[in-house]
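The values are calculated or read from the model by the stated rules, or taken from the named source; none is laboratory data. What you see is a predicted model, and the numbers here were worked out from it, not measured in a lab. Here the Cβ positions follow ideal geometry from the backbone for every residue, glycine too, while neighbour counts run over all protein chains shown. These accessible areas exclude ligands, DNA and RNA; they are computed on the full protein's heavy atoms, side chains included. Shrake-Rupley method; radii C 1.70, N 1.55, O 1.52, S 1.80 Å.
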Amino acid sequence: PLSEAELAEARRQQAERALQRQAYERRELWRTLSMEIGSRYVDCRLNNFAVTCDEQRKAIDLAAQYAADMAVHVRQGEGVLLFGPAGTGKDHIMAALTYAAIMQHGFRVDWHNGMDLFGRVRDRIEADKSEADFIHEMYRPAILAISDPLPPSGPLTPFQSQMMFRIVDKRYRENRPTWLTLNVSSGAEAAERIGVQTYDRLRHSAMGLFCNWPSYRKAK
């Protein structure tokens, strides 16, 4: 039989291998998701967000608090809603939170870019695949992140609005958080363009950040 010291060393090695396997799996999850996020945002972190005003500092501090307590927020179905004018770094913040979700907490995250989401729905319809299966696919990840699903101007089409509501409502009822960025000038505009019922579910118990500062793109 093994001595106590040998048993302790065996347990230590086993724990070390488990940690190495976990780290590898998380790196692979991030590598796969980063291809969907895009190279511009793959290195975005909260600590490299260019803070130039008090409003940005407050927003980053709140995002950091959410990231630190993410396990609790996700378990309680508390999402993230980042809204404000274009170019204010909303996707930077959401990408940074996504990195934290995977690498620090081990959550499965799916990321979808705006109108591409509805393009996938159209492709499925043309391929005669079930809408219900698509909604279930959107339900599966622990966190669903959607980067600005709104068109450049005006509201969603009735079909887009219906699909967005079904996705958000399904996750809301099952206590699964949805993270969203929206290029809008106010919460009122967000509700009008994405739909009042959808917006109401997105903001309930969510960390809402109104990113209302000058566009980074214009400033640069």
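Does the stretch 131-142 contain at least one residue that is under 28 Å from SER215 (Cα atoms) and within 17 Å of the chain's Cα centre (by Cα)? Even if it seems obvious, please write down each step before you answer.
Narrowing the stretch 131-142 to residues under 28 Å from SER215 (Cα atoms): none.
Among the residues of the stretch 131-142, not one is under 28 Å from SER215 (Cα atoms) and within 17 Å of the chain's Cα centre (by Cα), which makes the answer no.
To keep it simple, each residue is scored yes or no on (1) among the aromatic types (Phe, Trp, Tyr); (2) modelled with pLDDT of 95 or more.
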residue: ILE146; (1), (2): no, yes
residue: SER153; (1), (2): no, no
residue: GLN160; (1), (2): no, no
residue: MET163; (1), (2): no, no
residue: ARG171; (1), (2): no, yes
residue: TRP179; (1), (2): yes, yes
residue: ALA206; (1), (2): no, yes
residue: ALA219; (1), (2): no, no
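Do any strands (runs of 3 or more DSSP E) lying entirely in the stretch 95-210 carry at least 2 residues that are open to solvent by 40 Å² or more (accessible area, probe 1.4 Å) and either in contact (Cβ under 8 Å) with a residue 60 or more places away in the chain or among the aromatic types (Phe, Trp, Tyr) (or both), and which ones are they? Outline the logic, then answer.
Details: elements: 109-113, 143-147, 178-183, 207-210.
Answer list for the stretch 95-210: 207-210.
When every residue of the stretch 34-55 is checked against the conditions, none turns out to be of a type in the set (Ser, Thr, Tyr), open to solvent by 50 Å² or more (accessible area, probe 1.4 Å), under 16 Å from GLN104 (Cα atoms) and part of a helix (DSSP H, G or I).
Examine the stretch 2-23 for a residue that is surrounded by fewer than 16 Cβ atoms within 10 Å (Cβ to Cβ), of a type in the set (A, V, I, L, M), outside any helix (DSSP H, G or I) and without any contact (Cβ under 8 Å) to a residue 12 or more places away in the chain, and state whether such a residue exists.
Looking only at the stretch 2-23, we keep the residues that are surrounded by fewer than 16 Cβ atoms within 10 Å (Cβ to Cβ), and these are 2-23.
Remaining after also requiring of a type in the set (A, V, I, L, M): 2, 5, 7-8, 10, 15, 18-19, 23.
Now drop any that are not outside any helix (DSSP H, G or I), which leaves 2.
Pick out the ones that are also without any contact (Cβ under 8 Å) to a residue 12 or more places away in the chain and you get 2.
Scanning the stretch 2-23 turns up at least one residue that is surrounded by fewer than 16 Cβ atoms within 10 Å (Cβ to Cβ), of a type in the set (A, V, I, L, M), outside any helix (DSSP H, G or I) and without any contact (Cβ under 8 Å) to a residue 12 or more places away in the chain.
Considering the stretch 136-179, and only residues there that are charged (D, E, K, R) and touching a strand residue (DSSP E or B) at 6+ places or on another chain (Cβ under 6 Å), the residue that is farthest from ILE102 (Cα to Cα) turns out to be ASP148.
Annotation note: Cβ proximity below 6 Å between a residue of the stretch 35-60 that is among the β-branched types (Val, Ile, Thr) and a residue that is at pLDDT 95 or above (sequence gap 6+ or interchain) occurs for ILE37/ALA95; ILE37/TRP111; VAL51/ARG57; ILE60/LEU46; ILE60/PHE49.
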